[in-house]
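Input: a single structure, listed below in structure tokens.
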Amino acid sequence: MQRYDNYKDSGIEWLGDIPQEWEVNKLKYLTTYFKGFAFKSSSFKETGIPIIKASNLKGHSVVDIKNYIAIDDQQEAFENVRLKLGDILISTVGSKPEVINSAVGQLASVDESFIDAYLNQNTVCIRPTHSIKYNFLKYVFISRYMRSNFDAKALWIANQAYLEVERIRDNSIAFPDMDKQIAIANYLDRKTAEIDKLIKQKQQLITLYQEEKAALINQAVTKGLNSNVKMKDSGIEWLGEIPDSWKIKRLRYAGNCKNGVSAGAEFFGSGHPFVNYTDVYKSNILPHKVAGLALSTESDRKLYSIEYGDVLFTRTSETVEEIGLASTCLKTIKDSIFAGFLIRFRPSPELLNPEFSKYYFSCSLHRRFFVKEMNLVTRASLSQELLKRMPVVIPTSLEQREISDFLDKSTLEIEFKITKTKRIIELQQEYRTALISEAVAGNFKVPELVEKELN
């Protein structure tokens, strides 16, 4: 990339040298701002004028709008939080001080889709004045320089990270004249669109790999590995036919179930190992070591123990899709207990091999059973009684070992492809951030400017 002819000290420590003809000024002299309004949830409708919340600011875009205000004569009262094209929206409250990993400091630029929308509380709108183009300013805010500055200026108040609007607007930025701002923004629009397209393609590829993995597991644990084996009707609609030598038992006849321990907050944070909801939600295999701790008694550790072969199911969640997720213990977690948000299933050793269980109970076909049954019962909780009604397919011991060995090898190959593709996405995202950061800092001259000078 071609650099500018001459550079000067910007006077901004985190920015360094900038092109000689660029200016430096504080955001408070280049922008105006307003804070979002605390709309009452009782006022929200399913259609009307969009309400943009802090939770809607993700990936530099406005997403998942679910709340609206009815279009009526009362809207004049909210005129001071009405959005315009190019407004920069920033979330000001989050759970962690590091803005890269928190809801705080997430941002988006208002495009044509959300002109005249309203801004909700815990967000701030930064509106550029005539001195700076909104599409150039958008990239300044996305740059790593500004993001690291947000990190430094985020406050930690009452267990929440918080960004004060005046601390944001006290930042200085460097910028060229209007023509160069437009050229830089146009270049970044084009290049980021190319990168985003590639990232989307890779994300779609990951989805295909994940679907391939799920289909492979479903087929192996419900149909076996021999396509020529004699089959029989399982009597279960979503399961269909199974190998003739396999058995089906309701889970209640394949082992026993136990709900986890429920206790007050003072019970947690120190003591012995504690298996929580997240440990189960993350993987079909329980970690050998868990981060959670609880003040359990010897009696607790016997009653709520986690042993080799145990399968833990998620019991409660906000959505039915996250209920009944399973994780199998492949190594006894000594002196541990498990959370009340979980159900422990301890299979009869002669019926189920743990290596087979880790695949069978994470099989996506089971979602059909849980979703269907919970729609009839509740969308928030999985009872022991419902779990005990779940059909369990039981191949012969030899076939269970063969299936688990086959899936260990096959899924590892797919996981390798997924990991490799995720790394490509990470590199593209890093390149995207670096390109934006270097361009808005004037570290190189975009091709549009070079071509203009040559002509």
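The values are calculated or read from the model by the stated rules, or taken from the named source; none is laboratory data. On a predicted model such as this, the values are computed, not experimentally measured, just so you know. Methodologically, a virtual Cβ is constructed for each residue, glycine included, from the backbone with ideal geometry; neighbour enumeration extends over all protein chains shown. Note: areas computed on protein heavy atoms with side chains; ligands, DNA, RNA excluded. Shrake-Rupley method; radii C 1.70, N 1.55, O 1.52, S 1.80 Å.
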Which residue is most open to solvent (accessible area, probe 1.4 Å), if the candidates are limited to the stretch 306-335 and must be out of contact with any Ser or Thr (no Cβ under 7 Å at 6 or more places or on another chain) and of a type in the set (S, T, Y)? T332
For G224, only one of the following conditions fails: (1) open to solvent by less than 60 Å² (accessible area, probe 1.4 Å); (2) in contact with a strand residue (DSSP E or B) (Cβ under 9 Å, 6 or more places away or on another chain); (3) more than 30 Å from Y359 (Cα to Cα). What is its number? (3)
Look at the stretch 175-217 and say how many of its residues are outside any helix (DSSP H, G or I) and either open to solvent by 20 Å² or more (accessible area, probe 1.4 Å) or touching a Pro at 6+ places or on another chain (Cβ under 8 Å) (or both). 2
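To keep it simple, each residue is scored yes or no on (1) modelled with pLDDT of 95 or more; (2) assigned to a loop (DSSP other than H, G, I, E, B); (3) under 26 Å from C329 (Cβ atoms); (4) among the acidic types (D, E).
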position: S227; (1), (2), (3), (4): no, yes, no, no
position: W238; (1), (2), (3), (4): no, yes, no, no
position: A263; (1), (2), (3), (4): no, yes, yes, no
position: E266; (1), (2), (3), (4): no, no, no, yes
position: S270; (1), (2), (3), (4): no, no, yes, no
position: Y281; (1), (2), (3), (4): no, no, yes, no
I'm trying to understand the selection: among the residues of the stretch 39-81, which are out of contact with any Pro (no Cβ under 8 Å at 6 or more places or on another chain), in a loop (DSSP other than H, G, I, E, B) and surrounded by fewer than 18 Cβ atoms within 10 Å (Cβ to Cβ)? K40, F44, E46, T47, G48, G59, V63, D64, K66, A70, I71, D72
Complete set of residues in the stretch 240-259 that are among the charged types (D, E, K, R), out of contact with any helix residue (DSSP H, G or I) (no Cβ under 7 Å at 6 or more places or on another chain) and assigned to a strand (DSSP E or B): E241, K247, K249, K258
Any residue in the stretch 16-37 that is assigned to a loop (DSSP other than H, G, I, E, B), surrounded by fewer than 15 Cβ atoms within 10 Å (Cβ to Cβ) and modelled with pLDDT under 85? no
Quick one: count up the residues across the stretch 296-312 that are of a type outside the set (D, E) and over 11 Å from F338 (Cβ atoms). 6
Just one listed residue, out of D116, D111, D170, is at pLDDT below 90 and open to solvent by 70 Å² or more (accessible area, probe 1.4 Å), and it is D116
Can you find, within the stretch 288-331, the residue that is modelled with the lowest pLDDT among those that are polar (S, T, N, Q) and in contact with a helix residue (DSSP H, G or I) (Cβ under 7 Å, 6 or more places away or on another chain)? T314
Selection from the stretch 407-455 of residues among the polar types (S, T, N, Q) and either modelled with pLDDT of 95 or more or assigned to a helix (DSSP H, G or I) (or both) yields S410, T411, T419, T421, Q428, Q429, T433, S437
Of the residues R389, R344, which single one is of a type in the set (K, R) and open to solvent by 50 Å² or more (accessible area, probe 1.4 Å)? R389
Scanning the stretch 354-386 for residues that are charged (D, E, K, R) and either modelled with pLDDT of 85 or more or closer than 27 Å to K331 by Cα (or both), which turns out surrounded by the fewest Cβ atoms within 10 Å (Cβ to Cβ)? E385
When every residue in the stretch 400-423 that is within 18 Å of the chain's Cα centre (by Cα) and open to solvent by less than 80 Å² (accessible area, probe 1.4 Å) is compared, the one farthest from Y360 (Cα to Cα) is T421
Under 7 Å between Cβ atoms, at least 6 apart or on separate chains: pull out the pairs that start in the stretch 208-233 with a residue that is within 20 Å of L412 (Cα to Cα) and end on any residue that is assigned to a loop (DSSP other than H, G, I, E, B) and of a type in the set (S, T, N, Q). A214/S364; N218/S364
